[in-house]
1. From the Cα gyration tensor of region 220-295, with a ≥ b ≥ c the square roots of its eigenvalues, which class applies: rounded if a/c is under 1.5, or else prolate if a/b is larger than b/c, or else oblate?
2. Rg to Rh ratio, region 199-241, alpha-carbon atoms and Kirkwood radius?
3. For a footprinting-style exposure proxy, rank Met263, Met98 by other Cβ within 10 Å, fewest first.
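Just so it is clear, none of the values below were taken in a lab; they were calculated from the coordinates. What you are looking at is a predicted structure, and each value in this text was computed from that prediction instead of being measured. FYI the Cβ positions are ideal-geometry reconstructions off the backbone, even for glycines, and counts take in every protein chain you see.
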Amino acid sequence: MQWVRDFQPDPERQRLVRGALWITLLGNIGLALGKAIAARLSGSVALYADAANSISDVLYSLLIVLGLWIAQRPPDLSHPQGHSRFEPLAGLVVAAAMTVAGYEAGRAAIERLIAGGIELSLGWPTAALLLSATIKAGMYAAIHRIAGMTSSSTLDAAAKDNLADVLTSTAAFLGILGAHFIHPLADAIGGILVAAWIFKSAWEVWQENLSYLSGGGAPAELRAAIAEAAQGVDGVTLVHQVITEHVGPDLVADLHVNVDGNMTVFEAHTISDEVRARVEQLPGIDRAYVHIEPCETVPRRE
């Protein structure tokens, strides 16, 4: 089928996605092991909260590998629009993992707060958190760049989680410093801040990927740009309908345009192809479908 051949996955995009997945998986496994050992040795609840977050990162890393592998499959008769909706499904897995980590971090911090806190040394906890923040900052930069290059909502969610981890590791680090120099309860307060950051980031990931999965449309500015691009094609007399819908992270545009009803099918088809090409050049548009309709009265072009 020609249509299926036209929409084969991009090999370069697949290569970039695989690289991002390796970075995510190996980085999260290393950090989870390191922080879990450091938390065990130090007794820091803030570091424990951060380790719980890293363990959830490992679990979602395994699941998004599966989700992105399915999403990269080409269209077929069972999924004629492709399998890209599996991307936001994988993004929701990230959101769920972040939510569970936030709950675990908050629970441990509240228990420590009720118990009155403990004094902490600055050895293992601070070293682990500083190393974690540094590695996560590098992971965020790499995956954020790849997410932008591939328009992957799943990788964008993973990048946001990495950025949140940088901030939560910083909060946990400040909590440990506070417990050592100011008051033992500062560590518990740091754990609560960690949980708050995780919940905030999880909420943003939930919102974005639910919009993709439910077929949310483009903002008004992009719809106007689509209509303007189509209207600029010679032979188009009116763009009377623009419908946009996310098929996974991919944005599809459906346009109804009027042309002179007396022109030949060949001429109308040429106009349709030009409209499609111009719309698909717009940032964020994966593909466009153009419906040609006749117009009885053709306004004179100046």
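1. prolate
2. In region 199-241, Rg relative to Rh is 1.26.
3. Listed from fewest to most nearby Cβ atoms, that is Met263, Met98.
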